[in-house]
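Working notes, beginning with the structure itself.
Each reported figure results from applying straightforward, stated rules to the coordinates on display, with no laboratory input. Please read these numbers as outputs of a predicted model, since none were measured by experiment. Glycine also receives a Cβ, built like all others from the backbone with ideal geometry; neighbour counts cover every protein chain displayed.
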Amino acid sequence: MAWWKQLLLSFLILLVAGALWYHYFPGARQMLAEWGLVQAPATAAVSVDQRQGRGRGMFSMPESPIVTAEVTSATINDRLSAIGTGKALHSVAVYPLTAGRLTEILVAAGEIVEAGDVIARMDSESERIAVDRARLALDDARARLERINALRSSNTVTAVQHTEAELAVRNAELELREAELALERRDIAAPIGGAVGILPVSPGDYVTSSSEIATIDDRSEILVDFWAPERFARVLQVGMSLIVESIARPDERYEGAISAIDNRVDPESRTLHVQARIANPADTLRSGMAFRVIMTFPGESFPAVNPLSVQWGTDGAYVWVVREGTALRTPVRVIQRNTDAILVDGTFAEGDHVVVEGVHAVREGQSVPVASNDDVARAATET
């Protein structure tokens, strides 16, 4: 092929490649405008609110529009909502101290008892016999001591015999106390005051020290155990007020306070065990009920930006801030991602906007004119 044909073919290929680059490469027109080869394209920045509702036949944006959204503020860690389980202020399972046959049950399920009330009795005939025998032994030991004391004045008994008689009296007293204690333990008493649960035994049953006789709940107050995320660990304190709602009856709300906080965070769930106390004057709450615990805190406020505005570079995340019509590259640190906004930590001023669309056409210090609402309305009328 002749050299001039080769030169013409190369020129055509370069011309086609340049046209494709000009039409499809982002920012090509801006680069040619900076070189002075073409006129700079007109761009305008509008807010997301201004773009909403724009449809077919309405205001047509420039070919490479720059869309901005206002930087707002959002508060996090200002509310805690958790599901907790209630339990009685004091709850005791009653077990007998000895084995034997139940002869009598003196309480019924749901009955209120006081501490020390006898709730059941066991057969105690042999223990009563032991008490009587111990009393006879004590009386005999005391009588012998009295005789020895009477004879001691005549020096007919020795000091050793007197000491042995006194020791026998003390041993007899201990044996009587032991027999009376064994007899007392045949009566099963309530260790605390409260409501008696359903009884699992009946008169005539043979029970041992591992047989549960009854459960007693002191429901004057209800303890609610719940688990808070570890981010609240530094703000939770004993005595802080809270609101508790019954899951079964959401219209019932109770005021309470934190009564205890665990000393460590669970490494598996990353939660902190917290216990709250609420009053139960009407005795309507029961152990085992489910509650929703609600707490409010001052929280932490951070700037909130549109999710589309956050860009990533070699040095981390950043956004393009439009301030007084000028684009500024502002580094940020992502705090929390939400569905409608991203909370970030960065330097912002009141009234700042961030670029949401058209970020490829924005340069540091570039003038970004913001279209007013009047401009948008006028353009829509003209089209």
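Separation of region 259-316 and region 209-232 by C-alpha centroid, Å?
Between the Cα centres of region 259-316 and region 209-232 lies a distance of 21 Å.
Can you compute the label reach from ASP283? Point 7 Å from Cα along the Cβ direction, backbone N cut-off under 15 Å, restricted to region 198-213.
Answer for region 198-213: 198.
For an R0 of 41 angstrom, estimate the FRET efficiency from the Cβ-Cβ distance between LEU14 and GLN366 and round to the nearest 0.05.
Result of the calculation: an efficiency of 0.85.
Test of understanding: express the Cα radius of gyration of region 202-245 as a ratio to 2.2 N^0.38 Å, with N the residue count.
Values: Rg = 19.8 Å, N = 44, 2.2 N^0.38 = 9.3 Å.
Relative to the 2.2 N^0.38 Å estimate, region 202-245 comes out at 2.13.
So what's the net charge close to SER259: Lys and Arg +1, Asp and Glu -1, counting the other residues with Cβ under 11 Å from its Cβ?
So the environment of SER259 carries a net charge of -1.
Taking 22 Å as R0, compute the FRET efficiency from the Cβ-Cβ separation of ARG133 and ARG101 and round it to 0.05.
Details: r = 22 Å, r/R0 = 0.99.
Using R0 = 22 Å, I get an efficiency of 0.50.
What FRET efficiency do you get for VAL238 and SER73 if R0 is 30 Å and r is their Cβ-Cβ distance, rounded to the nearest 0.05? Before the final figure, lay out each step's value.
On the way: r = 32 Å, r/R0 = 1.06.
Here the calculated transfer efficiency is 0.40.
Label ARG152 and LEU7 with points 7 Å out from Cα along Cα→Cβ: what is the distance between them in nm?
The answer from the label model is 14.7 nm.
With the crude spin-label approximation of a point 7 Å out along Cα→Cβ, what separation in nm comes out for GLU252 versus GLU230?
Label-label distance for GLU252 and GLU230, simple model: 3.6 nm.
Calculate, in nm to one decimal, what SER81 and ASP123 gain on full extension: separation in residues at 0.36 nm each, minus their alpha carbon distance.
Computed gain between SER81 and ASP123 is 9.8 nm.
With +1 on the Cβ of every Lys and Arg and -1 on the Cβ of every Asp and Glu, and nothing else charged, how large is the dipole of region 124-185 about its Cα centre, in debye rounded to the nearest 20?
260 debye
What percent does the relative contact order of region 124-185 come to when contacts are Cα pairs within less than 8 Å and at least six residues apart?
Dividing the mean separation by the residue count of region 124-185 yields 56 percent.
Answer with one residue from SER154, ALA179, ALA168: the one whose Cα lies farthest towards the positive end of the charge dipole of region 124-185, charges on Cβ with Lys, Arg +1 and Asp, Glu -1.
Sorting the options by dipole projection puts first SER154.
Which one of VAL207, VAL196, SER259 has its Cα pushed farthest toward the positive end of the charge dipole of region 188-316, where Lys and Arg give +1 and Asp and Glu give -1 at the Cβ?
Projecting each Cα onto the dipole axis, the largest value belongs to SER259.
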